[in-house]
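*Asks:* My questions will all concern the structure given below.
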Protein chains: 2
Amino acid sequence: MTLEAYIACQQKRVDQALDRVLPQESENPSTIHRAMRYSVFAGGKRVRPLLAIAAADVITPDAPGIETAACSLELIHTYSLIHDDLPALDNDDLRRGRPTCHKVFGDAMAILAGDSLLTLAFEVLSKLDAPAERRVELVRELSTASGTVGGMIGGQVNDIEGEQQTPTADLLESIHRAKTGALLRASVRMGAIYAGASSAELDALTRFGEHIGLAFQIVDDVLDVEQSSEALGKTAGKDAKQQKITFPAVYGIEKSREMAEQECTGAHRALAMFGDRSRRLSEMADFIVHRNT
Amino acid sequence: MTLEAYIACQQKRVDQALDRVLPQESENPSTIHRAMRYSVFAGGKRVRPLLAIAAADVITPDAPGIETAACSLELIHTYSLIHDDLPALDNDDLRRGRPTCHKVFGDAMAILAGDSLLTLAFEVLSKLDAPAERRVELVRELSTASGTVGGMIGGQVNDIEGEQQTPTADLLESIHRAKTGALLRASVRMGAIYAGASSAELDALTRFGEHIGLAFQIVDDVLDVEQSSEALGKTAGKDAKQQKITFPAVYGIEKSREMAEQECTGAHRALAMFGDRSRRLSEMADFIVHRNT
């Protein structure tokens, strides 16, 4: 199977699992379930669940139920997008080429839809068909990575407060290590934990996750400068307008690209101990670094 | 020990545990941790943690660490208050006698502080010093009770959508069973689960939790009509102004009071099998129904 076919196949598997874990639109109260589904099924690339599945496959190929565990990452990611887009935060009207959740359902329902997806992420993990010890480890991993201390929300706060500050390399790295890095790292780790990785295997995959997390963010920043809103499906050039601290702002485009390649190389190197077992995960790294949107 | 002294003692125990689980204000990013602590330490009565502790005491007196598990309920409750008070939802400036979180920290930080408390609640449960099977059961209980299907958010959505609808008895009960009832029921159940209740014991305590949940909401509605904003520490008379569906609106004040007493009696009856072991929990029911604020 080509990488493209593999990715399409896994995306479909994740979408089917998301459809299973999300309440139906007809379920009372219908409005909130429509808002949740609107944002979850808006055409996301499912990068985090795909990383989790590919990481799990390194340890135990085709671990049953991994796609359900992986859904929790997409639920967290989607909630964070809904809340980030709110008028009180980034005030964005466009996401993945469609009006944002609050533009369609109103601010109140968007706030509650975000809260609901966040809550559902942990409900899904608690109900997995897996040993309790493993389920609780996944809850710990996801909650820590999404939280305020070195996690997603902490990075988001630093990012907001960093606007209009002098963009230094240290500030930049600390923001992104938390804001997007923590959840991408957790994606790889959760896949590994679900599949029963040994401590040495988990360490290697964690290093892979850290490299790929940074690479992802650098590429994201570069695309925001280079691509049109139409291609990205969200408002392009927003970082510069909001004076966000980005890799291109600190290092320029060319150097940023080089850095992304270096992180990609580091990611490949972290997988050395797995040999051919990590081929797909390795390809995923290339896919993330060389994507156009 | 008198009931008042017992409650004061348990409140202090819960406050100390909350102080332990919440990141210090000095921890980066400081702003979000100040916002979280501002709202958590705003003088709440800690009704949900106290119910959890008293329920646990029925099964295993002084179960070590129960106060930490109980904190997760207060974190969820506080997040829901912060988000409810936002301009996009109830738009309230006053809570527990102080300016609401968004009045002090701004809307963006209030949204993120709510998200953070919600996330932290599950992190706390995942890290408890208890068997994994029990921890994961608590995550399942709390996430379900806080969610959209028969849980807190679902009730909140029905409540918003119920404004200006004809207030019927059925609609009223279904809203409150979810909006406040689910989390109060979960409080009792989580205490019982933490302490290792048998299936029969859990059933009895669940019935207690359902009665007390309904009684709590009826009293809350009555107090909103009868008390001043000053006494309540939040804007009084708001339900009528927003045309919320309340017990006094459907049944009148006198009948509502009687219903609260009936629920209280039902709560006491549910505890029959425990004899004197449930004395404190039984007293908590009276405290909830006969409170003035």
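The values are calculated or read from the model by the stated rules, or taken from the named source; none is laboratory data. Only a predicted model underlies this, so the values are computations on that prediction, with no experimental measurement involved. No Cβ is skipped: glycine too gets one built from the backbone with ideal geometry, and neighbour counts run over all protein chains shown. Please note that ligands, DNA and RNA were not included when accessible areas were found on the heavy atoms of the full protein model with its side chains. Shrake-Rupley method; radii C 1.70, N 1.55, O 1.52, S 1.80 Å.
*Asks:* Go through the stretch A:9-41 and count every residue that is open to solvent by 20 Å² or more (accessible area, probe 1.4 Å) and either closer than 23 Å to A:HIS83 by Cα or within 11 Å of another protein chain (Cβ to nearest Cβ) (or both).
*Replies:* Result for the stretch A:9-41: 14.
The rows are residues; the columns are (1) free of Cβ contacts under 8 Å to residues at least 60 places away in the same chain; (2) within 19 Å of A:LEU138 (Cβ to Cβ); (3) of a type outside the set (Phe, Trp, Tyr); (4) out of contact with any strand residue (DSSP E or B) (no Cβ under 8 Å at 6 or more places or on another chain).
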{"residue": "A:GLY213", "(1), (2), (3), (4)": "yes, yes, yes, yes"}
{"residue": "A:ASP220", "(1), (2), (3), (4)": "yes, no, yes, yes"}
{"residue": "A:GLU254", "(1), (2), (3), (4)": "yes, no, yes, yes"}
{"residue": "A:PHE274", "(1), (2), (3), (4)": "no, no, no, yes"}
{"residue": "A:LEU281", "(1), (2), (3), (4)": "no, yes, yes, yes"}
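*Asks:* Restricting attention to the stretch B:191-212, does a residue exist that is in contact with a Leu (Cβ under 9 Å, 6 or more places away or on another chain), within 23 Å of B:ALA249 (Cα to Cα) and open to solvent by less than 10 Å² (accessible area, probe 1.4 Å)?
*Replies:* Yes, some residue in the stretch B:191-212 is in contact with a Leu (Cβ under 9 Å, 6 or more places away or on another chain), within 23 Å of B:ALA249 (Cα to Cα) and open to solvent by less than 10 Å² (accessible area, probe 1.4 Å).
*Asks:* Conditions first: (1) away from chain B (no Cβ under 11 Å); (2) touching a Ser or Thr at 6+ places or on another chain (Cβ under 9 Å). A:GLY65 passes all but one, so which condition is the exception?
*Replies:* Condition (2) is where A:GLY65 drops out.
*Asks:* Restricting attention to the stretch A:82-104, and to residues there that are farther than 19 Å from A:ILE160 by Cβ and among the basic types (Lys, Arg), which single residue is modelled with the lowest pLDDT?
*Replies:* The selected residue is A:ARG96.
*Asks:* Now a separate question. Here are the criteria: (1) in contact (Cβ under 8 Å) with a residue 40 or more places away in the chain; (2) closer than 21 Å to A:ALA54 by Cα; (3) in contact with a Lys or Arg (Cβ under 8 Å, 6 or more places away or on another chain). Tell me which single one A:ALA192 does not satisfy.
*Replies:* The single condition A:ALA192 does not satisfy is (3).
*Asks:* Do you know which residues across the stretch B:261-293 are open to solvent by 50 Å² or more (accessible area, probe 1.4 Å) and of a type in the set (A, V, I, L, M)?
*Replies:* B:ALA272, B:MET273
*Asks:* Report those helices (runs of 4 or more DSSP H) wholly inside the stretch A:75-171 carrying at least 2 residues which are without any contact (Cβ under 8 Å) to a residue 40 or more places away in the chain and more than 7 Å from every other protein chain (Cβ to nearest Cβ).
*Replies:* A:101-105
*Asks:* Among the residues of the stretch A:236-274, which ones are acidic (Asp, Glu) and within 20 Å of the chain's Cα centre (by Cα)?
*Replies:* A:ASP239, A:GLU261, A:GLU263, listed by residue number.
*Asks:* To continue, here is another question. From the list B:SER116, B:SER126, B:SER143, B:SER187, which one is among the hydroxyl-bearing types (Ser, Thr, Tyr) and under 28 Å from B:SER256 (Cβ atoms)?
*Replies:* B:SER187
*Asks:* Taking A:ALA121 as the residue in question, decide whether it is modelled with pLDDT of 95 or more, surrounded by fewer than 24 Cβ atoms within 10 Å (Cβ to Cβ) and more than 17 Å from A:PRO29 (Cβ to Cβ).
*Replies:* No; evaluated as a whole, the condition is false for this residue.
*Asks:* Something else now. Being within 14 Å of chain B (Cβ to nearest Cβ), in a helix (DSSP H, G or I) and farther than 26 Å from A:SER282 by Cβ narrows it down to one residue among A:ILE175, A:ILE193; which is it?
*Replies:* Unique residue meeting the criteria: A:ILE175.
*Asks:* Within the stretch A:177-220, track down each residue that is hydroxyl-bearing (Ser, Thr, Tyr) and at pLDDT 95 or above.
*Replies:* Listed by number, the residues that qualify are A:SER187, A:TYR194, A:SER198, A:SER199, A:THR206.
*Asks:* Output the residues belonging to the stretch B:70-100 that are touching a strand residue (DSSP E or B) at 6+ places or on another chain (Cβ under 8 Å) and either open to solvent by 10 Å² or more (accessible area, probe 1.4 Å) or of a type in the set (A, V, I, L, M, F, W, C) (or both).
*Replies:* B:LEU81, B:ASP93
*Asks:* For A:SER116, all conditions in the list (1) farther than 25 Å from A:ARG207 by Cβ; (2) open to solvent by 30 Å² or more (accessible area, probe 1.4 Å) hold save one; what is the number of the exception?
*Replies:* (2) is the only condition that A:SER116 fails.
Table: residues versus (1) in contact with a helix residue (DSSP H, G or I) (Cβ under 6 Å, 6 or more places away or on another chain); (2) of a type outside the set (A, V, I, L, M).
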{"position": "A:VAL250", "(1), (2)": "yes, no"}
{"position": "A:GLU258", "(1), (2)": "no, yes"}
{"position": "A:GLU261", "(1), (2)": "no, yes"}
{"position": "A:ARG280", "(1), (2)": "yes, yes"}
{"position": "A:MET284", "(1), (2)": "yes, no"}
{"position": "A:VAL289", "(1), (2)": "yes, no"}
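*Asks:* Within the stretch B:58-71, does at least one residue satisfy the condition of being in a loop (DSSP other than H, G, I, E, B), at positive phi and not charged (D, E, K, R)?
*Replies:* yes
*Asks:* Which of the residues that make up the stretch A:42-57 are buried (at least 21 other Cβ atoms within 10 Å of the Cβ) and outside any loop (DSSP other than H, G, I, E, B)?
*Replies:* Across the stretch A:42-57, the qualifying residues are A:VAL47, A:ARG48, A:PRO49, A:LEU50, A:LEU51, A:ALA52, A:ILE53, A:ALA54, A:ALA55, A:ALA56.
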